[in-house]
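Student: Once you've had a glance at the structure underneath, I'll fire off some questions.
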Amino acid sequence: MEYFVIILFFLVILKLTSKVNKLEDRVKRMQHTVDQVAKDSEMHENPIDLELRKLINEGKDIKAVKKARQTLGLSLLEGKEYIDKLKSAGDSETVRSS
């Protein structure tokens, strides 16, 4: 009986892992679609980006990551990457304007 419960538990874990992986893939595809629609419709940047750039320019990168995470619902890694992209975009704008 104990083996049956262990096997059943293991199968449930495998099924849940499979579902999570499928959901993550769907989210990635949806994000790609949203990015393409935004690019095609020439949408301007996210309104929070101005506030985040201000924090970055003040040297408050950690606060910018925290604000991005809170506002956009990002993970820590995604928030850091988002801020890094804003910083690199800001650097390239500075280079272009020079």
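Only the coordinates and a few stated rules stand behind these numbers; no lab work does. Keep in mind the model is a prediction, meaning the values are calculated, not measured. Note that each Cβ is placed from the backbone with ideal geometry, even for glycine, and that neighbours are counted across all protein chains shown.
Student: Output the direction-averaged projected area (hull surface divided by four) of the convex hull of the alpha-carbon atoms of the range 21-78, in nm². Show your work: numbers first, answer last.
Tutor: Details: hull surface 18.5 nm².
Over all viewing directions, the range 21-78 projects a mean Cα-hull area of 4.6 nm².
Student: Follow-up. Kirkwood Rh over alpha-carbon pairs of the chain, then Stokes-Einstein at 37 °C and 0.692 mPa s: what D in µm² s⁻¹, rounded to an integer?
Tutor: Estimated via Stokes-Einstein, D reaches 199 µm²/s.
Student: Counting alpha carbon pairs within less than 8 Å and at least 6 residues apart, what relative contact order, in whole percent, applies to the chain?
Tutor: Numbers: 32 pairs, mean separation 16.8, N = 98.
For the chain, the relative contact order is 17 percent.
Student: How many times 2.2 N^0.38 Å is the alpha carbon radius of gyration of the range 1-43?
Tutor: Here the Cα radius of gyration is 2.02 times the empirical estimate.
Student: Shifting gears a bit: For the chain, what is the charge dipole size about the Cα centre, in debye to the nearest 20, if Lys and Arg each add +1 at the Cβ and Asp and Glu each add -1 at the Cβ?
Tutor: Approximately 240 debye in magnitude.
Student: Further, regarding this structure: Run the helix sum for the chain: -39,500 (n - 2.57) per DSSP H stretch of 4+ residues, divided by residue count, reported at 222 nm to the nearest 500 deg cm²/dmol.
Tutor: On the way: 4 runs with 83 residues, N = 98.
Using -39500 (n - 2.57) per qualifying helix, the result is -29500 deg cm²/dmol.
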